[in-house]
Amino acid sequence: MKITDIKIFVSCPSRNFVTVRIETDEGLYGLGDATLNGREMAVVAYLTEHIKPCLIGRDAHQIEDIWQYLYKGAYWRRGPITMTSIAGIDMALWDLKGKAAGMPVYQLLGGRSRDKIKVYGHANGQSIDDTLNHLGKHIEEGYKAVRLQCAIPGLAGTYGILAGKKDYYELQSNRPLPPEQPWDTNKYLNFIPNLFKAARDQFGSEIQLLHDVHSRLTPIEAARLGKELEPYNLLFLEDPIPAENQSNYKHVRHHTTTPLAVGEVFNSIWDAKELIESHSIDYIRSAVTHAGGITAMRRITDFASLHSVRIAPHGPPDISPIGHAAHAQLNTWAPNFGIQEFVGFGGKAINEVFEYSLAYADGHLTLEDKPGLGVDYDDLEAKKYPYKRSYLPVSRLEDGTLWDW
Ligand code: CS2
Ligand code: MG
């Protein structure tokens, strides 16, 4: 099965998505997600200029060799642009292999380990009451696990709580440059335990709760937060500190029994190696779309399982339904699956452009058995939704100092 063409599409049916379509001489095509939020066009250039010309004419069945060729063969290894580009190609090749075999990708990985995929949703609000109302709605919809984020009193704007009100695309409609948000660690640390206390007081101990720090703390601050949240029994505390220094997680770990999760910005197994080997974390949150595809995530998953670490793939709205479908295939197989982040697919336009065989019910996703990833992409329909330049915000302290993500 020879690769005859590789098409790269960019569209914005509510969010920007980069979609890879590998075409073959057997008439089959495979689809992959290569979306990197805020850096979409850099990935498009890498795919168009540096990957596509090297792959035309190769055997689409040689997934491993193509992965090694794009990773080891590039000389300049790793990095988000390279690894997201490799991911788009790798996913499309797994989709093709599944279609050629007449089997869903999870069968090729080793078969089904579970019937359905447990997910966590996001509850956000401008106040504790607001956030708890949103949590209540999730519980009514059957969610067994929910992430809580709340506006920090005294801070004008908090990342992650805009859902249902505005998103950054709207915020930027007249000025497509990175928005800026204030950050104050003291206000944050003094407030967050109150949110979780209120949630447990109102909803009891059954519902699993999570929280995302977005890497804003130092190790000792994260240790304090982890300790103060222990009475509220979180499923995990996500990205408490930046992870460039993998050994920093040991400090947090040694001070608290709150489980820790990290990995959404990782782009290779090497970013997680020490964290996993030293069992400094409980969940690895890397995404198929950003960590080099299914081939790479299968390796990360197996490596993590040796160290009692479970996978909890990053599932934001800035991963396309193709990336979510790849996660569903991986999660159906992975013996050490933990939980999947899932906030829905954001509406009508997405559903006109993408087809996928995933359905939410009662706190879980189920995957319909279809060959490959079980997805499709309508490139003509997608033309109605052209790319819109957009950025994630940056954080600054009150005195103007640029702060960590
Ligand atoms: C978040 C994301 O889903 C998460 O856990 O951290 O919203 C993240 O900020 C975005 O995906 C960045 O593109
Ligand atoms: Mg996160």
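The values are calculated or read from the model by the stated rules, or taken from the named source; none is laboratory data. Remember, it's a predicted structure, so these values are computed and weren't measured experimentally. Because the Cβ atoms are built from the backbone with ideal geometry, glycine has one as well, and the counts that use them run over all protein chains shown. Note: areas computed on protein heavy atoms with side chains; ligands, DNA, RNA excluded. Shrake-Rupley method; radii C 1.70, N 1.55, O 1.52, S 1.80 Å.
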Exercise for review: Keeping to the stretch 316-338, report how many residues are outside any loop (DSSP other than H, G, I, E, B) and within 16 Å of ligand 2 (Cβ to nearest atom).
Suggested key: 3
Point to revise | Any hit, the stretch 223-240, residues being farther than 25 Å from MET91 by Cβ and polar (S, T, N, Q) | key: yes
Study note, to complete from the structure: When the stretch 297-315 is checked residue by residue, the ones that are closer than 22 Å to TYR120 by Cα, part of a loop (DSSP other than H, G, I, E, B) and either away from ligand 1 (no atom under 16 Å from the Cβ) or open to solvent by less than 10 Å² (accessible area, probe 1.4 Å) (or both) are SER308, VAL309, ALA312, PRO313, GLY315
Review point. Taking interchain pairs and intrachain pairs at least six residues apart, which have beta carbon atoms under 8 angstrom, with the first residue in the stretch 339-357 and outside the structural domain of LEU234 (by TED's automatic domain parsing) and the second open to solvent by less than 10 Å² (accessible area, probe 1.4 Å)?
Key: none
Point to revise | Those residues of the stretch 42-100 which are open to solvent by less than 10 Å² (accessible area, probe 1.4 Å) and on the phi > 0 side of the Ramachandran plot, in sequence order | key: none
Point to revise | Sole exception among (1) away from ligand 2 (no atom under 14 Å from the Cβ); (2) more than 15 Å from the chain's Cα centre (by Cα) for SER268, by number | key: (2)
Practice item. Sort out which residues of the stretch 223-273 are away from ligand 1 (no atom under 16 Å from the Cβ), at pLDDT 95 or above and of a type in the set (D, E, K, R), and write them in order of number. Key: ARG224, LYS227, GLU228, GLU230, LYS250, ARG253, LYS273
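Quick grid of which residues meet (1) of a type outside the set (Ser, Thr, Tyr); (2) more than 28 Å from GLY102 (Cβ to Cβ):
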{"site": "SER320", "(1), (2)": "no, no"}
{"site": "ALA334", "(1), (2)": "yes, no"}
{"site": "GLY344", "(1), (2)": "yes, yes"}
{"site": "ALA359", "(1), (2)": "yes, no"}
{"site": "ASP378", "(1), (2)": "yes, no"}
{"site": "THR401", "(1), (2)": "no, yes"}
{"site": "ASP404", "(1), (2)": "yes, yes"}
Review point. So, of the residues in the stretch 159-187 that are under 15 Å from ASN124 (Cα atoms) and either more than 16 Å from ligand 2 (Cβ to nearest atom) or at pLDDT 80 or above (or both), which turns out to be least open to solvent (accessible area, probe 1.4 Å)?
Key: GLY164
Exercise for review: Just name the residue that is farthest from ASN186 (Cα to Cα) out of those in the stretch 198-217 that are assigned to a helix (DSSP H, G or I) and open to solvent by 70 Å² or more (accessible area, probe 1.4 Å).
Suggested key: GLN202
Study note, to complete from the structure: Within the stretch 280-309, the residues that are within 16 Å of ligand 2 (Cβ to nearest atom) and not aromatic (Phe, Trp, Tyr) are ILE281, ASP282, ILE284, ARG285, SER286, ALA287, VAL288, THR289, HIS290, ALA291
Point to revise | Residues within the stretch 325-356 that are within 16 Å of ligand 1 (Cβ to nearest atom) and either acidic (Asp, Glu) or open to solvent by 10 Å² or more (accessible area, probe 1.4 Å) (or both), tallied | key: 7
Study note, to complete from the structure: Given (1) crowded, with 21+ Cβ neighbours inside 10 Å; (2) farther than 20 Å from VAL288 by Cα; (3) of a type in the set (Asp, Glu), ASP5 misses just (1)
**Study point:** Residue identified as closer than 16 Å to GLY338 by Cβ, away from ligand 1 (no atom under 16 Å from the Cβ) and part of a helix (DSSP H, G or I) among ILE276, ILE294, ILE220
**Key:** ILE276
